[in-house]
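K.L.:
So that we are looking at the same thing, I have put the structure below in structure tokens.
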Amino acid sequence: MLNEHTQVVLVRPVPGLGLKPGDVGVVVHVHGQGQAYEVEFLSLEGRTIGVQTLDAGDVRAAGGPAACT
């Protein structure tokens, strides 16, 4: 399970926000003990691109599987 404030990598596209696999975001809320996550995606300038609710399988911890403690 990921925790709030964990940096994550998107593993599937989110066309509505123009996001693609490999884009990085931050978990801002955990739903149902890790079944889904509210993730905020930022531009390189620090502006919010969007906040999206994603299933656990749609993201992975940016540090790899070992970072999911």
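K.L.:
Tell me, which strands (runs of 3 or more DSSP E) wholly within the chain include 1 or more residues that are in contact (Cβ under 8 Å) with a residue 60 or more places away in the chain and hydrophobic (A, V, I, L, M, F, W, C)?
P.N.:
So the answer is none; nothing clears 1.
K.L.:
Let me ask another. Here's a check for you: in segment 1-51, which residue that is closer than 21 Å to residue 63 by Cα, among the hydroxyl-bearing types (Ser, Thr, Tyr) and at pLDDT 95 or above is surrounded by the most Cβ atoms within 10 Å (Cβ to Cβ)?
P.N.:
Per the criteria, the residue is 37.
The values are calculated or read from the model by the stated rules, or taken from the named source; none is laboratory data. Small disclaimer: the values here were computed from a predicted structure and weren't measured. So basically every Cβ, Gly included, is an ideal-geometry build from the backbone, and we count neighbours across all protein chains shown.
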